[in-house]
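Undergrad: Dropping a structure here in structure tokens format, bear with me for questions.
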Amino acid sequence: MSKVFIAFQANEDARQIIEAIEQDNPEAIVDHQPSMVKIDCEGRLDIRRETIEELMGRDFDLQELHLHLITLAGNVKEDEDVFSLVREA
Amino acid sequence: MDMKVPAEKLGLTEKYHLLTRDLAWDPSYRTNKEIHPYGDFEGIKIHDWDKWDDPFRMTVDSYWKYQAEKERKYYAIIDAHAQNNGHLNITDARYLSALKLFLQAISPAEYAAHRGFARAAREYEGVGMAVAAEMQAIDEIRHAQTQIHGLSNYNKFYNGFHGFTTQRDRMWYGTVPRSFFDDAMSAGPFEFIIAIGFSFEYVLTNLLFVPFMSGAAYNGDLATVTFGFSAQSDEARHMTLGLECIKFMLEQDPDNIPIVQAWLDKWFWRGMRLLGLVGTMMDYMLPKRVMSWQEAWKIYGEENGEALFRDLARYGIRKPKGWETAAESAKHVPHQIMLGMYQWRFGTAFHVWPPSDEDMDWLSEKYPDTFDKYYRPRWEYIKQREAETGEPHLNMGLPKLCQTCQLPTWSTEPGEPEKLVQREIEFDGETYHFCSEGCQDIFEHEPEKYAGAWMPIQGLIRDFGEDVPGWMEWVNLIPGKDNMSYHGSEDEQNFKAWKAQTTASS
């Protein structure tokens, strides 16, 4: 199994996105670097709209992730509720 | 009374299909072949364009909405940078050399990517891929513009930022990225997507924008962090597009597999050679460093690349040729390039300096197998000689260039770090030189393409002979201001004087 990762700019919105990722992916490893945060996970990482909305206290469109994204690795699977990165091999 | 019924919200997939796929139509009075003349000239077979899906399902309306938001954030920060003496908030003016090299080598490449994607979008027969390429074309011109705009604040105060448009075409290190992009843009639309979508975006931009921009933040450079991450927020989409296109080609027809493999081999190697410049920026030009080039290569190149190729193995794709050589060369390349640039510093439009004792200790720690053994003794020799003679240690000879990547042939043979690469072949009555086996292979595969390249050093000798000042004027390099050592430069003096003013009481 290979790692997937995603990195966000260290800003206000991303803080809650990262918190949501930590809640939904307990095995994810969060690495804070200057002005960015990189999150690694074995095999799969899910970002759930509902969890982010709960933490932000407002509606959230998963495509808003594009504003804060820095990079990612893995195959992207996206619908309205979940944005996933997956590596099958 | 009429009740307002809220319009039913479209699902993401449905909206994506309506706003991309349904933009296409079947031509009635011209054939598809006439409309897309380059669709099959590379031998790639596509049977069903409808099988291609943008994994991000980005539609044009969302695209404008989010890009506009990125621009608003970007310009708010650029204004703040200009209004609050951002040019003085960097750790040290040495850091500017990395920015100058970035502006001279990378920003023009962004513009070239814009032109390439605009053309590729026109060539693809499938509307999904055409729309994604069109968005990327717009992204790329935004990157070129925001980078030039962000760095223009530094141009008001420091030397070496003014000549990048000329230097892209004429400067000996500027033609390295230029030849990479010219090579890609003069290929067909499918090779182009592998060159830029895979090699440049997937392998290179992660290394360029992620650790390097984090390094910019560490060095207090608000402007660069902002344009870097603003650009990188588009790159996730670009990388995904590049990978989806590779998978799509592989799934469409087994005949595509060897063609794609040959392109992966070629463009991985071209990307690696180009990346050496970024490694040099990271290891030698950042006063404060987040990670070494080799560490960045391990995370974003090796680990990420290994995972990707495990993924692609099911299609019959193997790791690119030269993969192991690349890992080995990551331990040497930044040092070799910096030693070269230091000795040819009369011809660089940025300043250089020898690593301090503290820098060298850091390099030893980061490169335990190579730095102390091969490179520390050379730096110590250069520093000692300069201290003794009071003269700059310069190499007044001109470098022999690799006909493929256009870098000087300053690299060593794999596994033999004390043996300079000497490779040449005859083609059509002329001798051509190469920096590596990889570059020689690429030439031999398409010799006519590379034999005709304009080579900056040959051009210098032919057009200027001994007239180095004439050459400097032609490449837009102001001697005594833009080039030579950082120590004693106008940039160093100004930065010190202006910094002192910020803490003075009046």
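Undergrad: Checking the condition touching a His at 6+ places or on another chain (Cβ under 7 Å) and under 22 Å from B:Leu274 (Cβ atoms), which residue from B:Thr412, B:Thr404 passes?
TA: The unique qualifying residue is B:Thr412.
Undergrad: Evaluate the following for B:Arg142: is it assigned to a helix (DSSP H, G or I), surrounded by fewer than 24 Cβ atoms within 10 Å (Cβ to Cβ) and touching a Gly at 6+ places or on another chain (Cβ under 6 Å)? Break it down into steps so the answer makes sense when it comes.
TA: Numbers: assigned to a helix (DSSP H, G or I): yes; surrounded by fewer than 24 Cβ atoms within 10 Å (Cβ to Cβ): yes; touching a Gly at 6+ places or on another chain (Cβ under 6 Å): no.
So B:Arg142 does not fit the description; no.
Undergrad: Which condition does B:Thr224 not pass, out of (1) closer than 22 Å to B:Met341 by Cβ; (2) hydroxyl-bearing (Ser, Thr, Tyr); (3) within 14 Å of chain A (Cβ to nearest Cβ); (4) in contact with a Pro (Cβ under 8 Å, 6 or more places away or on another chain), if it passes all the others?
TA: (4)
Undergrad: Scan the stretch B:46-63 for residues that are among the charged types (D, E, K, R) and touching a helix residue (DSSP H, G or I) at 6+ places or on another chain (Cβ under 6 Å) and jot them down.
TA: Hits for the stretch B:46-63 are B:Asp54, B:Arg57.
Undergrad: Here's another thing I want to ask about it. What pairs come out if I take residues in the stretch B:182-206 that are within 14 Å of another protein chain (Cβ to nearest Cβ) and touching a residue at least 24 places away in the same chain (Cβ under 8 Å) and pair them with residues that are outside any loop (DSSP other than H, G, I, E, B) and hydroxyl-bearing (Ser, Thr, Tyr) whose C-beta lies under 6 Å away, six or more apart or interchain?
TA: Pairs that qualify, where the first residue is within 14 Å of another protein chain (Cβ to nearest Cβ) and touching a residue at least 24 places away in the same chain (Cβ under 8 Å) and the partner is outside any loop (DSSP other than H, G, I, E, B) and hydroxyl-bearing (Ser, Thr, Tyr), are B:Asn206/A:Thr71; B:Asn206/B:Tyr300.
Undergrad: Follow-up. Run down B:Leu103, B:Leu96 and say which single residue is in contact with a Leu (Cβ under 6 Å, 6 or more places away or on another chain) and buried (at least 21 other Cβ atoms within 10 Å of the Cβ).
TA: Working: B:Leu96 fails: in contact with a Leu (Cβ under 6 Å, 6 or more places away or on another chain).
Matching residue, one of B:Leu103, B:Leu96: B:Leu103.
Undergrad: I'm trying to understand the selection: among the residues of the stretch A:45-89, which are more than 8 Å from chain B (Cβ to nearest Cβ), without any contact (Cβ under 8 Å) to a residue 60 or more places away in the chain and of a type in the set (A, V, I, L, M, F, W, C)?
TA: A:Leu45, A:Ile47, A:Ile52, A:Leu55, A:Met56, A:Phe60, A:Leu62, A:Leu65, A:Val82, A:Phe83
Undergrad: Might you check whether a residue that is more than 18 Å from B:Ala217 (Cβ to Cβ) and within 14 Å of chain A (Cβ to nearest Cβ) occurs anywhere in the stretch B:101-108?
TA: The answer is no; no qualifying residue exists.
Undergrad: Give the number of residues within the stretch B:408-454 that are among the hydroxyl-bearing types (Ser, Thr, Tyr) and farther than 17 Å from B:Gly271 by Cβ.
TA: 4
Undergrad: Give the residues of the stretch A:1-40 that are touching a residue at least 40 places away in the same chain (Cβ under 8 Å), crowded, with 17+ Cβ neighbours inside 10 Å and not charged (D, E, K, R), sorted by residue number. Even if it seems obvious, please write down each step before you answer.
TA: Taking the stretch A:1-40 first, the residues touching a residue at least 40 places away in the same chain (Cβ under 8 Å) are A:1-9, A:11, A:13-14, A:16-17.
Okay, now just the ones that are also crowded, with 17+ Cβ neighbours inside 10 Å, so A:2-9, A:14, A:16-17.
Those that are touching a residue at least 40 places away in the same chain (Cβ under 8 Å), crowded, with 17+ Cβ neighbours inside 10 Å and not charged (D, E, K, R): A:Ser2, A:Val4, A:Phe5, A:Ile6, A:Ala7, A:Phe8, A:Gln9, A:Ala14, A:Gln16, A:Ile17.
Undergrad: Go through (1) out of contact with any strand residue (DSSP E or B) (no Cβ under 9 Å at 6 or more places or on another chain); (2) surrounded by fewer than 17 Cβ atoms within 10 Å (Cβ to Cβ); (3) without any contact (Cβ under 8 Å) to a residue 60 or more places away in the chain for B:Glu303 and report which single condition fails.
TA: (1)
Undergrad: I would also like to ask the following. Taking the criterion of being among the basic types (Lys, Arg), without any contact (Cβ under 8 Å) to a residue 24 or more places away in the chain and not in a helix (DSSP H, G or I), would at least one residue in the stretch B:320-331 satisfy it?
TA: no
Rundown of residues vs (1) of a type in the set (Ser, Thr, Tyr); (2) closer than 30 Å to B:Asp183 by Cβ, yes/no style:
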| position | (1), (2) |
| --- | --- |
| B:Arg345 | no, yes |
| B:Ile382 | no, no |
| B:Pro392 | no, no |
| B:Thr409 | yes, yes |
| B:Gly415 | no, yes |
| B:Glu418 | no, no |
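Undergrad: Is at least one residue of the stretch A:35-50 under 21 Å from B:Tyr66 (Cα atoms) and assigned to a helix (DSSP H, G or I)?
TA: Yes, some residue in the stretch A:35-50 is under 21 Å from B:Tyr66 (Cα atoms) and assigned to a helix (DSSP H, G or I).
Undergrad: Could you look through the stretch B:281-296, keep only residues that are touching a Phe, Trp or Tyr at 6+ places or on another chain (Cβ under 8 Å) and not aliphatic (A, V, I, L, M), and pick out the one that is surrounded by the fewest Cβ atoms within 10 Å (Cβ to Cβ)?
TA: It comes out as B:Lys288.
Undergrad: Pick out the one residue from B:Trp454, B:Trp471 that is part of a loop (DSSP other than H, G, I, E, B) and within 24 Å of B:Phe181 (Cβ to Cβ).
TA: Values: B:Trp471 fails: part of a loop (DSSP other than H, G, I, E, B).
Checking each option against the conditions leaves just B:Trp454.
Undergrad: Please determine, by comparing only the residues of the stretch B:297-310 that are within 11 Å of chain A (Cβ to nearest Cβ) and small (Gly, Ala, Ser), which one is nearest to B:Ser97 (Cα to Cα).
TA: B:Gly305
Undergrad: Give all pairs with beta carbons closer than 9 Å in which a residue from the stretch B:57-68 that is more than 19 Å from B:Gln232 (Cβ to Cβ) and more than 9 Å from every other protein chain (Cβ to nearest Cβ) meets a residue that is assigned to a loop (DSSP other than H, G, I, E, B) and polar (S, T, N, Q); count only pairs at least 6 apart in sequence or on separate chains.
TA: B:Thr59/B:Thr20; B:Val60/B:Thr20
Undergrad: Pick from B:Ser214, B:Ser186: which is at pLDDT 85 or above and of a type in the set (Gly, Ala, Ser)?
TA: Every option except B:Ser186 fails the conditions.
Undergrad: Here's something else I'd like to know. Cβ contacts < 6 Å: first residue in a loop (DSSP other than H, G, I, E, B), restricted to the stretch B:486-500; second residue at pLDDT below 95, any location; separation 6+ or different chain. Result?
TA: Listed by first residue and then by second, the contacts come to B:Tyr486/B:Arg94.
Undergrad: Residues of the stretch B:42-56 being within 12 Å of another protein chain (Cβ to nearest Cβ) and of a type outside the set (Asp, Glu), which ones?
TA: B:Pro55, B:Phe56
Undergrad: Can you confirm whether B:Lys266 is surrounded by fewer than 24 Cβ atoms within 10 Å (Cβ to Cβ), touching a residue at least 40 places away in the same chain (Cβ under 8 Å), of a type in the set (Lys, Arg) and under 25 Å from B:Glu324 (Cα atoms)? First the steps, then the outcome.
TA: Working: surrounded by fewer than 24 Cβ atoms within 10 Å (Cβ to Cβ): no; touching a residue at least 40 places away in the same chain (Cβ under 8 Å): yes; of a type in the set (Lys, Arg): yes; under 25 Å from B:Glu324 (Cα atoms): yes.
Spelling it out, it is not the case that B:Lys266 is surrounded by fewer than 24 Cβ atoms within 10 Å (Cβ to Cβ), touching a residue at least 40 places away in the same chain (Cβ under 8 Å), of a type in the set (Lys, Arg) and under 25 Å from B:Glu324 (Cα atoms).
Undergrad: Sticking with this structure for a sec: When you go through (1) facing another protein chain (nearest Cβ under 9 Å); (2) surrounded by fewer than 18 Cβ atoms within 10 Å (Cβ to Cβ); (3) in contact with a helix residue (DSSP H, G or I) (Cβ under 6 Å, 6 or more places away or on another chain) one by one for B:Gly316, which number turns out not to apply?
TA: Failed condition: (1).
Undergrad: Got a number for residues in the stretch B:352-396 being polar (S, T, N, Q), surrounded by 15 or more Cβ atoms within 10 Å (Cβ to Cβ) and within 19 Å of B:Ser97 (Cα to Cα)?
TA: Total meeting the criteria: 0.
Undergrad: Let me ask another. With respect to the numbered conditions (1) touching a Cys at 6+ places or on another chain (Cβ under 9 Å); (2) under 30 Å from B:His47 (Cα atoms), which one is the sole condition not fulfilled by B:Lys321?
TA: (1)
The values are calculated or read from the model by the stated rules, or taken from the named source; none is laboratory data. Not measured: the values here are computed from a predicted model. FYI the Cβ positions are ideal-geometry reconstructions off the backbone, even for glycines, and counts take in every protein chain you see.
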